[in-house]
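Data block below; observations after.
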Amino acid sequence: MTRIDVITIFPEFFSGMLGASLLGKAIARGDLEVGLHQLRDWTVDKHRTVDDTPYGGGRGMVMKIEPLVAALEAVSRPGAIRILMSARGKRFTQARAWELANAGRPIVLVCGRYEGVDERIVEHVDEQLCIGDYVLSGGEVAAAVVIDAVARLVPGVVGNRESLVEESFSEGLLEYPQYTRPEVFRGSRVPDVLLSGHHGDVARWRHEQSLAATRAVRPDLLAGRPEAEEAPGGGGASPGKGARRRKGRERMPEGQGTAASSGAREAAGTADGEPAGGPGEPGGDGSKGPGGPGTAP
Ligand SMILES: C[S@@+](CC[C@H](N)C(=O)[O-])C[C@H]1O[C@@H](n2cnc3c(N)ncnc32)[C@H](O)[C@@H]1O
């Protein structure tokens with residue numbers, strides 16, 4: 001079970017995401033526990049003030065240190081990893097999500113608001129995480145991203161853990177295009193190789209597609225990899241429009257499934273526990289890929 005506590009002035013922000021889908025089920029099962037804490041509960045004035053004007057002047061307000069530290073001290077369980085959501089933090093990656101999910105430690109997320117947080121907060125948190133190079137109006141969206149990314153990696157939350165090994169960021173490449181029924185949609189056909197039933201050919205095609213899509217859209221992900229030197233479109237592949245998800249260069253930490261390449265796994269016919277997708281073949285757990293006839297993907 002993983003415990004995540006969130007300190008925020010908008011606890012209600014999280015109610016939708018925590019009640020729905022995978023996270024809702026994980027919480028109901030007891031695999032995940034999320035505590036939402038109203039920062040104003042740790043204020044001492046009658047207006048429950050959490051912000052004040054910045055020293056040195058300037059626009060906007062700054063979150064006060066006293067209620068934040070009081071809240072942190074009150075909600076942090078022993079061994080907790082305390083994280084401030086901040087545009088000035090280190091980039092949050094899939095690798096960090098795996099580390100947090102595997103740490104076996106409670107997590108506390110602090111959501112900033114206004115122009116930011118009194119800098120002395122850094123003495124009371126373990127790290128600052130930034131979810132991307134843009135500025136949000138508050139840390140709640142960023143915390144929601146961290147909760148979602150970490151929670152789905154907690155054992156038990158996603159039923160088919162092999163799919164976590166397979167998916168975005170595990171191989172350092174953008175994902176290959178995916179298709180499901182129908183075979184032809186408005187004249188647009190599913191690539192023949194995916195209908196061939198030949199696992200090796202499918203695996204090769206997917207790898208080529210991943211490489212081509214990564215070169216086209218995120219060449220930075222290839223820096224330092226041998227594939228970066230190969231001719232664009234190696235193997236004749238071109239990036240499919242369906243390269244929907246990214247694969248970063250991060251590897252899963254030890255103990256999170258096999259280190260084998262997706263190609264090798266697929267060649268062995270074990271990707272997501274699904275067959276190579278020949279017509280009429282059943283679709284594993286039904287959560288990805290074509291299901292049996294009449295099964296919604
Ligand atoms: C309006 S922002 C403050 C931005 C700050 N003035 C700056 O320029 O870095 C308010 C709060 O949103 C959160 N936030 C904004 N952008 C973020 C990002 N990219 N990643 C994580 N948290 C972010 C932080 O908690 C921040 O304290």
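The values are calculated or read from the model by the stated rules, or taken from the named source; none is laboratory data. Everything numeric here is computed off the predicted structure, so don't read it as measured data. Using ideal geometry, Cβ is built from the backbone for each residue, glycine included, and neighbour counts are taken over all protein chains shown.
Overview of values
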{"quantity": "Residue that is nearest to the ligand (Cβ to nearest atom), among those in the stretch 106-127 that are crowded, with 20+ Cβ neighbours inside 10 Å and in a strand (DSSP E or B)", "calculated": "VAL117"}
{"quantity": "Verdict on ARG48 being closer than 22 Å to PHE14 by Cα and without any contact (Cβ under 8 Å) to a residue 12 or more places away in the chain", "calculated": "yes"}
{"quantity": "Looking only at the stretch 43-94, and only at residues there that are among the aliphatic types (A, V, I, L, M), part of a loop (DSSP other than H, G, I, E, B) and within 16 Å of the ligand (Cβ to nearest atom), the one that is surrounded by the most Cβ atoms within 10 Å (Cβ to Cβ)", "calculated": "VAL50"}
{"quantity": "Any hit, the stretch 17-28, residues being surrounded by 17 or more Cβ atoms within 10 Å (Cβ to Cβ), within 15 Å of the ligand (Cβ to nearest atom) and not β-branched (Val, Ile, Thr)", "calculated": "no"}
{"quantity": "Among (1) assigned to a loop (DSSP other than H, G, I, E, B); (2) within 13 Å of the ligand (Cβ to nearest atom); (3) exposed (fewer than 15 other Cβ atoms within 10 Å of the Cβ) - the single one VAL141 does not satisfy", "calculated": "(1)"}
{"quantity": "Residue ID - farthest from the ligand (Cβ to nearest atom), chosen from residues in the stretch 144-163 that are charged (D, E, K, R) and modelled with pLDDT under 90", "calculated": "GLU162"}
{"quantity": "Residue satisfying all of: in the stretch 192-223; in a loop (DSSP other than H, G, I, E, B) and under 29 Å from the mean Cα position of the chain (by Cα); surrounded by the most Cβ atoms within 10 Å (Cβ to Cβ) among these", "calculated": "ARG218"}
